[in-house]
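The structure appears right after this line, and notes come after that.
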Protein chains: 2
Amino acid sequence: MECLMQKSYHACLIIIGNEILSGRTQDKNIQFIASGLGTQGIILREVRVIPDDEAVIITTVNEMRPRYDYVFTTGGIGPTHDDITSLAIAKAFGVELLRHPDAVKRLERHYGAGELNEARMKMAYVPEGATLIDNTVSSAPGFQIGNVYVMAGVPRIMQAMFDGIKHQLKGGAIIESRQLSVYFPEGIIAKGFSDLQEKYPAIEMGSYPFIRQARLATSLVLRGSDIALLERAYMDLEEFIDSLHGERVEEEAE
Amino acid sequence: MECLMQKSYHACLIIIGNEILSGRTQDKNIQFIASGLGTQGIILREVRVIPDDEAVIITTVNEMRPRYDYVFTTGGIGPTHDDITSLAIAKAFGVELLRHPDAVKRLERHYGAGELNEARMKMAYVPEGATLIDNTVSSAPGFQIGNVYVMAGVPRIMQAMFDGIKHQLKGGAIIESRQLSVYFPEGIIAKGFSDLQEKYPAIEMGSYPFIRQARLATSLVLRGSDIALLERAYMDLEEFIDSLHGERVEEEAE
């Protein structure tokens with residue numbers, strides 16, 4: 001019999017970006033990283049969106065890294081003056097920011113000698129002891145130091161970096177989900193759904209209302225790592241909804 | 001001459017929702033609230049996304065409310081068993097969760113007597129001393145207690161709640177922005193843009209790369225509350241970009 005008490009792996013994501021906090025930019029990184037961690041058996045427990053402010057970055061990183069197995073950051077590693085993440089991370093770890101020979105080579109290959117100006121060379125600097133994270137889109141690497149993974153903020157580049165490292169991340173049991181969406185407001189199914197949660201305490205059950213074609217609807221989501229148990233709970237959920245003659249929402253809820 | 005040292009107002013947003021952390025749901029609330037606060041002269045300094053976990057909600061709210069002028073929360077105030085925000089907020093403030101007579105009336109009007117079951121009546125409970133926040137979409141109110149504003153997580157309902165209260169929020173100087181997007185990678189304009197930042201330290205200058213029609217482009221964003229100064233800095237920025245013969249990106253960057 002397998003040991004049931006498998007270790008859980010927890011992560012925090014720190015989004016560094018004035019452009020998110022000002023409302024200028026719609027975040028597209030949280031969902032991608034959250035989903036990607038899920039497939040590795042890593043639970044995203046917290047996201048923080050913070051400004052491009054050195055003191056805030058240092059404090060936040062140092063508060064998070066002893067608390068979680070993994071800390072991911074996005075944003076602030078480009079060539080312009082507002083890109084201060086790498087230096088802040090070096091200060092958080094109490095190490096120097098050094099020019100990384102392999103990062104220089106990657107930039108030289110990408111830009112050619114004439115185009116690699118001082119601003120771009122800034123992207124070759126990483127904290128002492130860091131290892132590079134590949135950037136297959138525009139060459140300037142991210143980096144890992146300790147349990148902190150520092151990535152770009154531009155979604156396409158971040159995604160390439162994350163997809164390149166995620167298979168190396170050690171995770172625990174993978175949490176799967178089953179979802180049923182029905183044209184009922186939450187208030188109709190609340191009692192029965194709560195009873196179901198009590199029957200299956202090891203399955204996390206969430207209820208998410210939405211509006212579809214001007215009708216109130218609700219997605220009922222079951223999540224758990226014991227797949228046999230998850231399937232049993234889902235069958236009970238279907239039975240409960242059928243007993244109320246609930247009309248299913250066929251398309252996926254938003 | 002006006003006093004230049006106008007008070008700044010700072011806010012924190014707490015998104016309470018397992019569905020965001022699991023990657024199931026794309027967040028749509030951060031940008032709406034960030035933009036709305038901006039128009040009121042309130043600066044969003046931090047966003048935290050946390051799970052539907054009572055202890056975490058209590059700790060987070062109590063950490064944030066002495067630190068910011070305003071704390072906003074979204075999520076977890078519906079009728080189902082996973083809606084635990086109201087009770088957690090009451091515990092954070094050390095008060096009872098009480099049935100609010102006016103909230104009961106609103107629910108009775110909305111549902112009619114026969115439909116107002118026990119689960120729905122749960123939405124009439126708010127912490128002692130809280131005042132209600134109107135919900136023009138589906139009646140069940142949000143609430144305010146101290147400097148904490150508790151709103152629904154469903155974007156359409158949250159938006160109605162926020163739009164109903166935002167004009168009552170006291171703010172400071174309104175920060176405006178000017179933006180110029182150009183078909184240059186960041187590395188080309190980094191040096192001149194940094195010089196411009198040095199010339200105008202009171203203007204916050206950010207650089208945001210993006211890809212448009214398979215070409216690298218960058219949005220240069222200037223932000224500040226001194227509009228005359230902002231316009232001067234923007235004219236200098238235009239001059240700088242024109243001196244490089246930069247091709248403007250006509251459409252708004254993502």
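Which number in (1) in contact with a strand residue (DSSP E or B) (Cβ under 8 Å, 6 or more places away or on another chain); (2) hydroxyl-bearing (Ser, Thr, Tyr); (3) within 9 Å of chain A (Cβ to nearest Cβ) marks the one condition that B:SER86 misses?
B:SER86 satisfies every listed condition except (3).
Determine which member of the set B:GLU239, B:GLU251 is open to solvent by 60 Å² or more (accessible area, probe 1.4 Å) and either at pLDDT below 95 or among the hydroxyl-bearing types (Ser, Thr, Tyr) (or both).
Numbers: B:GLU239 fails: either at pLDDT below 95 or among the hydroxyl-bearing types (Ser, Thr, Tyr) (or both).
It is B:GLU251.
If a residue must be open to solvent by less than 10 Å² (accessible area, probe 1.4 Å) and either facing another protein chain (nearest Cβ under 9 Å) or over 22 Å from A:ASP53 (Cα atoms) (or both), how many such residues does the stretch B:1-19 contain?
Looking only at the stretch B:1-19, we keep the residues that are open to solvent by less than 10 Å² (accessible area, probe 1.4 Å), and these are B:11-17.
Now drop any that are not either facing another protein chain (nearest Cβ under 9 Å) or over 22 Å from A:ASP53 (Cα atoms) (or both), which leaves B:13, B:15-17.
Count: 4.
Between a first residue in the stretch A:95-115 that is of a type in the set (A, V, I, L, M, F, W, C) and a second residue that is open to solvent by 90 Å² or more (accessible area, probe 1.4 Å), which pairs have beta carbons less than 8 Å apart while being 6 or more apart in sequence or on different chains?
Close Cβ pairs (under 8 Å, with a partner that is open to solvent by 90 Å² or more (accessible area, probe 1.4 Å)) amount to A:VAL95/A:GLU128; A:LEU97/A:GLU128; A:LEU98/A:GLU128.
Yes/no matrix, rows are residues, columns are (1) in a helix (DSSP H, G or I); (2) of a type outside the set (Gly, Ala, Ser); (3) over 24 Å from A:ILE57 (Cα atoms):
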residue: A:ALA103; (1), (2), (3): yes, no, no
residue: A:GLU108; (1), (2), (3): yes, yes, yes
residue: A:LYS122; (1), (2), (3): yes, yes, no
residue: A:ALA140; (1), (2), (3): no, no, no
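I need a count of the residues in the stretch A:214-228 that are open to solvent by less than 30 Å² (accessible area, probe 1.4 Å) and not hydroxyl-bearing (Ser, Thr, Tyr).
Start the filter on the stretch A:214-228 by keeping residues that are open to solvent by less than 30 Å² (accessible area, probe 1.4 Å), which leaves A:217-222, A:224.
With the extra rule that they be not hydroxyl-bearing (Ser, Thr, Tyr), the set shrinks to A:217, A:220-222, A:224.
Qualifying residue count for the region: 5.
Sort through A:ILE157, A:ILE165 and tell me the only one that's open to solvent by less than 30 Å² (accessible area, probe 1.4 Å), part of a helix (DSSP H, G or I) and within 12 Å of another protein chain (Cβ to nearest Cβ). Spell out how you get there, then give the answer.
Values: A:ILE165 fails: within 12 Å of another protein chain (Cβ to nearest Cβ).
Of the residues listed, the single one that is open to solvent by less than 30 Å² (accessible area, probe 1.4 Å), part of a helix (DSSP H, G or I) and within 12 Å of another protein chain (Cβ to nearest Cβ) is A:ILE157.
Report, by residue number, each residue of the stretch A:45-58 that is open to solvent by 10 Å² or more (accessible area, probe 1.4 Å) and either more than 11 Å from every other protein chain (Cβ to nearest Cβ) or in contact with a Cys (Cβ under 8 Å, 6 or more places away or on another chain) (or both).
Matches in the stretch A:45-58: A:ARG45, A:GLU46, A:GLU54, A:ALA55, A:ILE58.
Using the structure shown, decide if A:TYR70 is within 23 Å of B:THR59 (Cα to Cα) and open to solvent by 10 Å² or more (accessible area, probe 1.4 Å). Don't jump to the end; show me each part of the working.
Details: within 23 Å of B:THR59 (Cα to Cα): yes; open to solvent by 10 Å² or more (accessible area, probe 1.4 Å): yes.
Yes: the conditions hold for A:TYR70.
Is there a residue being farther than 26 Å from A:THR39 by Cα and touching a Pro at 6+ places or on another chain (Cβ under 9 Å) anywhere in the stretch A:139-155?
Yes; the residues of the stretch A:139-155 include at least one that is farther than 26 Å from A:THR39 by Cα and touching a Pro at 6+ places or on another chain (Cβ under 9 Å).
Got a sec? Which of B:ILE211, B:ILE189, B:ILE203, B:ILE175 is farther than 30 Å from A:ALA214 by Cα and away from chain A (no Cβ under 11 Å)? Break it down into steps so the answer makes sense when it comes.
Details: B:ILE211 fails: away from chain A (no Cβ under 11 Å); B:ILE189 fails: away from chain A (no Cβ under 11 Å); B:ILE175 fails: away from chain A (no Cβ under 11 Å).
The unique qualifying residue is B:ILE203.
So which residues in the stretch B:7-32 are part of a strand (DSSP E or B) and of a type in the set (Val, Ile, Thr)?
Looking only at the stretch B:7-32, we keep the residues that are part of a strand (DSSP E or B), and these are B:9-16.
Passing the criteria: B:ILE14, B:ILE15, B:ILE16.
Taking the stretch B:174-213 only, how many residues are of a type in the set (Gly, Ala, Ser), open to solvent by 60 Å² or more (accessible area, probe 1.4 Å) and out of contact with any Lys or Arg (no Cβ under 9 Å at 6 or more places or on another chain)?
First, pick out the residues of the stretch B:174-213 that are of a type in the set (Gly, Ala, Ser): B:177, B:181, B:187, B:190, B:192, B:194, B:202, B:206-207.
With the extra rule that they be open to solvent by 60 Å² or more (accessible area, probe 1.4 Å), the set shrinks to B:177, B:202.
Cutting the leftovers down to out of contact with any Lys or Arg (no Cβ under 9 Å at 6 or more places or on another chain) gives us B:202.
Number satisfying all stated conditions: 1.
Restricting to the stretch A:93-136, and then to whatever is of a type in the set (A, V, I, L, M, F, W, C) and open to solvent by 70 Å² or more (accessible area, probe 1.4 Å), can you tell me which residue is nearest to the other protein chains (Cβ to nearest Cβ)? Reasoning before the result, please.
At the first step, the residues of the stretch A:93-136 found to be of a type in the set (A, V, I, L, M, F, W, C) are A:93, A:95, A:97-98, A:103-104, A:107, A:113, A:116, A:119, A:121, A:123-124, A:126, A:130, A:132-133.
Going one step further and asking which of them are open to solvent by 70 Å² or more (accessible area, probe 1.4 Å), we end up with A:98, A:113.
Working: A:LEU98: 20, A:ALA113: 14 Å.
Across the stretch A:93-136, the extreme among qualifying residues is A:ALA113.
The values are calculated or read from the model by the stated rules, or taken from the named source; none is laboratory data. Note that the coordinates shown come from a computational prediction; the quantities given were computed from them, not determined experimentally. Don't worry about glycine lacking a Cβ; one is built from the backbone with ideal geometry, like all the others, and counts go over all protein chains shown. These accessible areas exclude ligands, DNA and RNA; they are computed on the full protein's heavy atoms, side chains included. Shrake-Rupley method; radii C 1.70, N 1.55, O 1.52, S 1.80 Å.
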